[in-house]
Structures are given as structure tokens and as C-alpha cells.
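Peer 1: Here's a structure for you.
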Amino acid sequence: MGILGRMVVTVLPLMPKFVVGWVSRRYHAGVDLDSALETMNRLSKEGACFTVDVLGEEITTMEEAQFFIEEYNRVLEAIVTKNIDANLSIKPTAFGLLIDSLAAEKSIEKLVREAAENDIFVRLDMEDHRVTQSTIDLVTSMHERGLSNIGTVLQGRLFRTLSDIDSISEILGSKADHRICKGIYLEPEKIAFTRRTEITDATNRAIDAALDCGAYVAIASHDTAIVEHSLNALKQRGMGPENQDPREGAVAQRPAKGPGYEFQMLLGVRGDLRRKLAKEGHLTRIYLPYGSKWYEYGVRRLRENPDVAWHITKALLMPWSNRR
Ligand code: FDA
């Protein structure tokens, strides 16, 4: 990150809220569900589908979980009644995973069950290393209880990821459904790669491994190197927009899924690349956050990983490089 990025990290949390709001509005779909629905309606014309995230994360009391339980139920009801091609992304710590893991699991299971009744998939976003194992365990235990419409995220930067792909695959076989990304959290050197090229290479290896295990793979990156690697990896395995899902025993008929893989990008980031992939026929999904907690979310993300500040700086100074 250059000097400009560092300046933004220092100054942004001190800036008036409206300035932060102006900078960040391209990255979230508004403060309420209506705005999210309106954004999805508009962007679906570009051939995209969605995964909806209600902004907010680790809670400090179990009472706070109630908000997320109710709001995600509203999202579910809205996407079903309005027939929107969308699924859900949830953060287990927002349901209380770090406070009362049994209660959190119960609430998540209820939501996943309701989603299953409507053929909607639920993705557990992956948070920092404190919850890597418990998030994976949530997914495998839901599958054991008959819910196959759930998967999580594996972060290329973590040393453990390749072995997680193997062990999940042993339990779930072709029902495994992974989002693979670099990982936003700056993890300690003893458990994670910390250099950019190492993280990129490790993420590419994770994508290859997940494809080889027969998992459904959501490639979540805006990095041209990763997208190009993935396109080659898919081709080598006979996968692509024109080909049928080649995975043995795959849940191929699940609505709103691609032929064994899809590309995912964040709202507001590399719209050019997403539209190009969609035009080539690949299923492209936009991660669409909305909610009143956009300020806390933005500032926290900046503190966690100042690279985001560089992206914002670049988007501001060179808006053509990063159209929504
Ligand atoms: P990289 O950071 O190199 O970005 C490549 C290019 O994309 C940049 O040069 C820039 O142009 C643009 N860009 C990327 N991020 C930008 C931003 N925020 N603003 C503006 N421009 C940006 N992580 C995690 O730990 N747990 C999770 O559950 C998820 N979930 C998730 C879902 C989806 C759909 C995506 C796309 C990403 C995540 N991530 C995540 C975040 C992920 O781990 C990673 O931190 C970011 O995607 C940035 O890495 P890239 O691979 O995009 O490369």
C-alpha cells in the first residue's frame, strides 16, 4: 500500500460520516431492504445474481442476534415472493457464535431450514481464525442433519485451507460447496501467508484443490491473475459455461447455481470484469451488503486490512479503473 492508502486509513475514521458515506456508497446497496431489492432489480439486467449480506458482524450480547434473525427472514421472504435470483451470506458471529454457540447454531439451522424449503442456498462467510473450525463444523453438522443448502468460505491465505478442503470433501463429497477467496483478515504469520504473491498462489492452489475434490466452487476474486488462473483450471477440467456440471453425484439441479462453479464479486468492485465474464456465459454473483451498519462495517474493514483503503483511493482517483 502506498502513501495515499496509508493517509486514507489514518484520516477516514476521523472524517465526517457523510464523507465516508459518499466514498462507501458504491460498496453497499443502501440502508434498508427496499434499497437492496431495488439494486438487485437493476443489476439483474446485467445478467448477475446475488448473495445478500445484512451488514453487521460480531455481537456482544445474544439479544443483538435477534435483529439478524428477523432481518434475514425478511430478506428470505422478499427474494422468494419477488422471485429474485439470490441467496444469503451470513456471519456466524452476528448470530452469537462466540457467545453462545448452541443458541447461534439453533438460529442458523432454523434459517437454513427455511431457506431449504424455498431452494435457497446459505453461505456462512468466513471470519477470522478464532472461528475457522467452528464455522466449518457448523456446515458439516447441518449437512449431517439433512441440510445440503449450506456451505462456507475457505481463505487462500491460511496454511490450513488445503487440508480443510480435503477433510470437508471426505465428509460431504460432491455436496461440498466452497467459496474460495484470498481472505480479508490479516492473520498472524504462524498460520497464514502474508505476502501478496504467496497469497495469490495459495488461493489458486485452493481453487484447483476444491475443483479436484468435486466440490461446487465459487471463485470470489477481482484479481485478474486469479480469474485467469481459474478460467484455465476450469478449461483443463472440461468445465465451462457450455458444459454440464461434471461432478459425480452433484446436486446439479439446485436452482441458481452454475455448472459446478461460479464467479463472485463484491458490489461496486470490478464491474467491468464481472460483465465480461457474464457475457462469456459464466454465472456471476454479486455479494450485496446492505443495512444501517455500513459505517461501522467500512471503518472496521479499513482497520483490519488497509489494502481496502488503497482500493478506495484508486477508485476515487481513477474511477474508470473500477466501475460499479
Ligand atoms: P485484490 O485485493 O488483489 O484485488 C484485485 C483488484 O480488485 C484490485 O486491484 C482492485 O482493482 C479491486 N478491488 C479488490 N477489492 C476491492 C475493494 N474492496 N474496493 C475496491 N476495489 C477492490 N474474505 C473473507 O475473509 N471471508 C469471506 O467470507 C469473504 N467473502 C467474500 C465474498 C466475495 C464475493 C468476495 C469477492 C470477496 C470476499 N472476501 C472474503 C474478501 C476476499 O478475501 C479478499 O479480501 C478481497 O476479495 C480482495 O481480494 P481479491 O482477490 O479481489 O484481490
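The numbers here are math on the coordinates, done by the rules we state, and not lab data. Quantities reported herein were computed from a predicted structural model and do not represent experimental measurements. Note: ideal-geometry Cβ built from the backbone for every residue, glycine included; neighbour counts use all protein chains shown.
Peer 1: Let me know the shape class of the range 129-272, please: from the alpha-carbon gyration tensor, a ≥ b ≥ c as square roots of the eigenvalues, rounded when a/c is under 1.5, otherwise prolate if a/b is greater than b/c, or oblate. Show your work: numbers first, answer last.
Peer 2: Numbers: a/c = 1.67, a/b = 1.10, b/c = 1.51.
Since a/c reaches 1.5 but b/c is at least a/b, the shape of the range 129-272 is classed as oblate.
Peer 1: Could you list which residues have their amide H under 5 Å from that of Glu127, counting only those 5 or more apart in sequence or on another chain, with H placed in the peptide plane?
Peer 2: When sequence neighbours closer than 5 places are left aside, there are no close amide H contacts.
Peer 1: Sticking with this structure for a sec: Starting from the 7 Å offset along Cα-to-Cβ, what nm value, one decimal, do you get for the label separation of Ser141 and Asp34?
Peer 2: Spacing of the two 7 Å Cα→Cβ label points: 4.0 nm.
Peer 1: Also, I was wondering about something else. If amide hydrogens are placed 1.01 Å from N in the peptide plane, which non-local residues have theirs closer than 5 Å to the one on Ala192?
Peer 2: HN-HN under 5 Å from Ala192: Phe159.
Peer 1: Using only the Cα atoms of the range 29-290, what do you get for the radius of gyration and for Dmax, in Å?
Peer 2: Calculated on Cα positions, Rg and Dmax stand at 17.2, 49 Å.
Peer 1: Going by amide H atoms built from the backbone, whose H comes under 5 Å of the H on Glu262, apart from near neighbours?
Peer 2: Val217, Ala218, Ile219
Peer 1: Also, quick follow-up: Distance cut-off 28 Å, Cα to Cα: go down the list Lys82/Lys110; Lys110/Lys175; Lys17/Lys190 and report the pairs above it.
Peer 2: Lys17/Lys190
Peer 1: Still on this structure: Which of the listed residues, Ser174, Ala220, Ser230, is farthest toward the dipole's positive end in the range 29-290, when Lys, Arg count +1 and Asp, Glu count -1 at the beta-carbon?
Peer 2: The one lying farthest along the dipole's positive direction is Ser230.
Peer 1: Right, another one. Through the Karplus equation 6.51 cos²θ - 1.76 cosθ + 1.60, θ set to phi - 60°, convert the phi angles of the range 33-42 into ³J(HN,Hα) values in whole Hz; use x for Gly and Pro.
Peer 2: 4, 4, 5, 4, 5, 4, 5, 5, 4, 5
Peer 1: Which order do peptides 40-49, 209-218 fall in by mean Cβ count within 10 Å, highest first?
Peer 2: Most protected by this proxy first, the peptides run 209-218, 40-49.
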